[in-house]
Amino acid sequence: MIEKKKGKSIRILYSNQGGEYKKAYVLKYCKDNGIQYELTVSHNPQQNGVAERKNKTLVECACGMLKGKNLSNGFWAEAINTVVYLKNRSPTRSLDFKTPFEALFGYKPAVKHFRVFGSKAFAHVPKEDRKKPDSKAIKCIFVGYCTKFKAYKLFNPSTHKVFTSRDVVFHEQVNDGSHESANEE
């Protein structure tokens with residue numbers, strides 16, 4: 001996708017000898033597309049310093065977000081995805097203080113929609129999905145951003161399901177310990 005979008009090709013793929021990149025179809029793809037495949041020494045993350053530092057940053061941010069809102073590790077994937085989403089929209093020195101998003105797409109990303117991970121949120125229930133006595137909103141927890149369309153990812157503690165919605169009211173300043181039920185995840 002990036003190759004077609006930017007008109008540039010991948011020249012080298014570095015791997016730490018993890019099994020996911022040693023599969024025959026990956027090796028064939030590299031060979032067929034002229035991509036040099038290089039391995040680092042096993043159990044020696046120092047050889048892959050930049051990626052290891054990036055991974056450490058992502059992990060530490062996700063841990064902080066989960067602990068800061070008293071959410072269980074069941075939300076780990078959502079926290080990591082949210083950190084990546086935010087990092088891709090944050091300026092970086094390596095890109096002359098542009099964001100990775102801006103470097104890829106050529107324009108600054110919108111940031112007005114940013115919300116506090118793990119905050120209390122109320123998602124509107126459309127008329128078509130409720131009866132007259134039903135509540136017009138669902139109390140939930142904000143757990144990230146949808147990458148397919150403009151919407152928020154929300155966790156419903158009653159059903160233990162993640163869903164997306166655009167019509168959301170956030171209560172970001174409230175921290176009343178209301179996420180205990182979310183820790184069952």
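Just so you know, all these numbers are worked out from the coordinates, no wet-lab data involved. No experiment lies behind these values; they were computed from the predicted model shown. Every residue, glycine as well, gets a Cβ built from its backbone with ideal geometry; the counts of neighbours run over all protein chains shown.
Quick notes on this one:
- Modelled this way, with points 7 Å down the Cα-to-C-beta line, the labels at Trp76 and Ala103 are 2.8 nm from one another.
- Phi angles across region 79-84 convert, under the Karplus curve 6.51 cos²θ - 1.76 cosθ + 1.60 with θ = phi - 60°, into 3J(HN,Hα) values of 5, 4, 4, 5, 4, 4 Hz, Gly and Pro given as x.
- Cβ-based net charge around Lys108, under 13 Å, with every Lys or Arg adding one and every Asp or Glu removing one: +2
- For Val125, distant residues with modelled amide H under 5 Å away: Ala137, Ile138
- Just checking the listed ones, Pro100, Pro133, Pro157: in the Gaussian network model of the chain with Cα springs under 10 Å, the one fluctuating most is Pro133.
- Crossing angle, helix 49-68 versus the chain [Cα axis fit, 0-90 degrees, rounded to tens]: 10
- The 3J(HN,Hα) values that the Karplus relation (6.51, -1.76, 1.60; θ = phi - 60°) gives for region 100-109 are, in residue order, x, 4, 5, 5, 7, 9, x, 8, 5, x Hz. Gly and Pro appear as x.
- Taking amide H as placed 1.01 Å from N in the peptide plane, Val116 has no amide H partner under 5 Å among residues 5 or more places away or on another chain.
- Dimensionless Rg/Rh of region 101-142 - Kirkwood Rh, Rg from C-alpha atoms: 1.24
- Result for the chain in a Gaussian network model with C-alpha springs under 10 Å: among Glu102, Glu60, Glu38, the largest mean-square fluctuation is at Glu38.
- What the Cα convex hull of region 19-86 gives, in volume per residue, is 137 Å³.
- Of Ala77, Ile35, Phe163, farthest towards positive along the dipole that unit charges on Lys, Arg, Asp, Glu beta carbons give the chain: Ile35
- Whether region 56-158 is rounded, prolate or oblate, judged on the alpha carbon gyration tensor where a/c under 1.5 counts as rounded: oblate
- Correct choice for volume of the Cα convex hull per residue in Å³ that was computed from the model, options [x] 100; [y] 183; [z] 154: [y]
- Cα-centred dipole magnitude for region 1-98, charges only on beta-carbon of K, R (+1) and D, E (-1), debye, nearest 20: 320
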